[in-house]
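First up is the structure itself, then whatever we jot down about it.
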Amino acid sequence: MRYLLILIMLFSIAGGYSYNDQLMQIYAKIAPRLVLMSKMPYVLPKESIDITILYEKGDERAAENLREKMLEIYPKGLGNRKLEIGLVPYSMSEKLKKVSLLFLLEGDADSVKAALDFAGKEKLLTISYNRKLLSQGAILSLYIGKTVKPFLNLEAAKRSDIVFDSVLFKISKIYSSKGSQ
Amino acid sequence: MKRFTSIRSKVLVAVVLFILASFGFVEYWHTSFVKRQFLRSEEARNTLLIETVTPVLGVNMAFGLDGANDSYLKSVISKNSNIISIVLKDVDGRRIYAYGNNDIGKNSGTLISRTINDDATGTVLGSVEIRFSNSYYEELVSRHEQFTRRFFVVMVLMLVVLIWLLNRAFLPMVNLIKNVRLFDPRKDGFNMKRTRRTDEVGVVQNALVDMIERIRDYTNRLDSMTDTLELKVKERTEQLKHKTEKLEKSNSALAEKINKIKEQENLLIAQSRLAAMGEMMSMVAHQWRQPLATTTLMITDYNIKSMLSGKQKDERDEIMQKISDIMIYLSDTVDDFQTYFKPENKLEKANLNEIVRRGVNFIKPRLERFGIELVYTGDKNVWVETYVNELVQVIINICNNAIDAIVEAESGKKTITIEISEDKDCKKLSISDTGGGMSKEVMDRAFEPYFSTKGKNGTGLGF
């Protein structure tokens, strides 16, 4: 009880969200690959995969952790492309640039909405840590049931003119606004 | 061998061979085709499955979603009953997932393995091995073989029935052949009758029955005609025989008549010639007799006057006497000629010696000319009753022939011998010469009319 109180106190001091390390590891592993398994209006740079991680100010450490994991998993990049991973707080989302993937960590509703509007407008691929963001227009997330699967919002992908590799459909759970399948 | 070469045997063998060959070929082709196609489709299906599974497994492995692979492979196994085993290994060969015992089915089924690659990094993530069962294929082949066996049995039964039916269909033809072979138009061995069948056998049978009836009819007619013809030939032969005999008889009679006519003609000719000669000789004798009588009277008158004057007989008297004798001889000769050429057809009694003298008198000049001696011997007082002139002519002709033979033979001794003799029953006049005689052939034909050994100089009418 004492440790629980101390933990609550620490979170409240930091003002951040909690992230599962294993899930972060999975996200770090699949996020760059999802870029290569999709075709989108955004033209990838020839030699890099550019990813932007959006985070709340209190989650800076988590965002940095995620970037490190990605670079750790793919130290030489992926498919002859280097990983260029940028960290942008939601508060500076108006300064967002077009990238191949926007990784949305937890954030307040307005910030997240603004980021998703930008992504929808620029037809960018988005992946959210919180699968609930799929209902707001995020395209990818992770489904955690008996097994962990990619969670795919085909409606949002269709709106952004993004097409995925057929294999992804086989391994993914498809999200629907009427209820996931 | 005969039986085998019959049309029926050929048809049966051909049908059986054709059906067996067709069945065998179709079955072989069908079986091999089905097996090949099935194996191909199985291979394609298995390949398709593993090609579908491998990328999914790869992505899951790349994503680190091993649990997803487990559920995915279970789903695959539940949907594909022909999967015996699945082994999923990581890059180090460790088994990440295993279903079934992969070692048990080593000798059965088909094992297909694939390497799982990470397309994004180009690295090998692991491998998957799936052993597929061939039981479905084996079951299918087994079912097919079972069907083939049953079908073959049915085929054999059908063939047996077919052969039986064909045999039955050919039976009338066989009977037909037997009857035709035994057929004899003069016997009742052919027992077939017209049939109501309208197939080829029926048509052939009816045609044969009609033909055989016609053959019988023609045979009967032929036999009847043969009998009639034989009778006619027999009759005609008899008639011909009679006619030939008659003809031969009439021919021989005709030949005799012709010969008689010829003889009569010759006789007539000879007689007419003799008559003409006789008339001529009568005129000659009449003309000669007057001067001969006058001359003889004048010599007689001279002799009487000489005797009355009493003068001695001198040489003149002797000459006159000789002239008188010659005149008498000449007068007799004229008489002989006159008598000779005078036809006389009545028998008269005459001295054979006188007859010979008259004949010889005619040939005397020829005897003297060729220096032939005439020896005349025998009884001088033989009397015969004959046709004198004809016998004189016979003697003249024989003597002339004797002269010709002696002249032709040119023999040293030239003699004609005439001999007269008389027995109790026979009076014989024989004439022989030294001319060599006649050959048997000439002797046999000597009295044939117109036969002559003198060529153009002979008439063949002398004898």
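The values are calculated or read from the model by the stated rules, or taken from the named source; none is laboratory data. Being a predicted model, the structure only gives us computed values, none of them experimental. Positions of Cβ are generated from backbone atoms using ideal geometry, with glycine treated the same way; all protein chains shown enter the neighbour counts. Accessible surface areas use protein heavy atoms only, side chains included; no ligands, DNA or RNA. Shrake-Rupley method; radii C 1.70, N 1.55, O 1.52, S 1.80 Å.
Would you check if there is a residue in segment B:423-435 being assigned to a helix (DSSP H, G or I) and of a type in the set (S, T, N, Q)? No - not one qualifying residue is present in segment B:423-435. Set side by side, the residues B:I420, B:I363, B:I395 differ, and just one is β-branched (V, I, T) and either over 23 Å from B:T453 (Cα atoms) or surrounded by fewer than 16 Cβ atoms within 10 Å (Cβ to Cβ) (or both), which is B:I420.
This table checks each residue for (1) hydroxyl-bearing (S, T, Y); (2) away from every other protein chain (no Cβ under 12 Å).
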position: B:V56; (1), (2): no, no
position: B:V59; (1), (2): no, no
position: B:L73; (1), (2): no, no
position: B:V76; (1), (2): no, no
position: B:N80; (1), (2): no, yes
position: B:I83; (1), (2): no, yes
position: B:I86; (1), (2): no, yes
position: B:D90; (1), (2): no, yes
position: B:Y97; (1), (2): yes, yes
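Contact annotation: residue pairs with Cβ atoms under 9 Å, 6 or more positions apart or on different chains, pairing a residue in segment B:109-124 that is within 14 Å of another protein chain (Cβ to nearest Cβ) with a partner that is assigned to a loop (DSSP other than H, G, I, E, B) and open to solvent by 60 Å² or more (accessible area, probe 1.4 Å), are B:I116/B:V91; B:T121/A:K76; B:G122/A:N80; B:T123/B:V91.
Residue-wise test of (1) surrounded by 16 or more Cβ atoms within 10 Å (Cβ to Cβ); (2) acidic (D, E).
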residue: A:A115; (1), (2): yes, no
residue: A:S135; (1), (2): no, no
residue: A:L140; (1), (2): yes, no
residue: A:K146; (1), (2): no, no
residue: A:K158; (1), (2): no, no
residue: A:D165; (1), (2): yes, yes
residue: A:I171; (1), (2): yes, no
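Each residue in segment B:195-212 was checked for being farther than 12 Å from B:P172 by Cα and either under 41 Å from the mean Cα position of the chain (by Cα) or assigned to a helix (DSSP H, G or I) (or both), and 6 pass. Residue-level check: of (1) out of contact with any strand residue (DSSP E or B) (no Cβ under 9 Å at 6 or more places or on another chain); (2) open to solvent by 50 Å² or more (accessible area, probe 1.4 Å); (3) closer than 27 Å to B:M277 by Cα; (4) not hydrophobic (A, V, I, L, M, F, W, C), B:Q338 misses just (2). Per the listing A:K123, A:K82, the residue uniquely surrounded by fewer than 17 Cβ atoms within 10 Å (Cβ to Cβ), within 14 Å of chain B (Cβ to nearest Cβ) and over 14 Å from the mean Cα position of the chain (by Cα) is A:K82. Restricting the first member to segment B:171-200 and to residues that are farther than 26 Å from B:L222 by Cβ, and the second to residues that are modelled with pLDDT under 75 and among the basic types (K, R), the beta-carbon pairs closer than 8 Å and six or more apart or on different chains are B:M173/B:R8; B:V174/B:R8. Residue count for segment B:173-194 satisfying the condition of being outside any helix (DSSP H, G or I), of a type outside the set (D, E, K, R) and open to solvent by 50 Å² or more (accessible area, probe 1.4 Å): 1.
For segment B:61-71: of the residues being facing chain A (nearest Cβ under 7 Å) and part of a helix (DSSP H, G or I), which is surrounded by the most Cβ atoms within 10 Å (Cβ to Cβ)? Full working, then the answer.
Filtering segment B:61-71 down to residues facing chain A (nearest Cβ under 7 Å) leaves B:62-65, B:67-68, B:71.
Of the ones still in play, those that are also part of a helix (DSSP H, G or I) are B:62-63, B:67-68, B:71.
Numbers: B:A62: 23, B:F63: 21, B:G67: 14, B:A68: 25, B:S71: 15.
Among residues in segment B:61-71 that are facing chain A (nearest Cβ under 7 Å) and part of a helix (DSSP H, G or I), the one surrounded by the most Cβ atoms within 10 Å (Cβ to Cβ) is B:A68.
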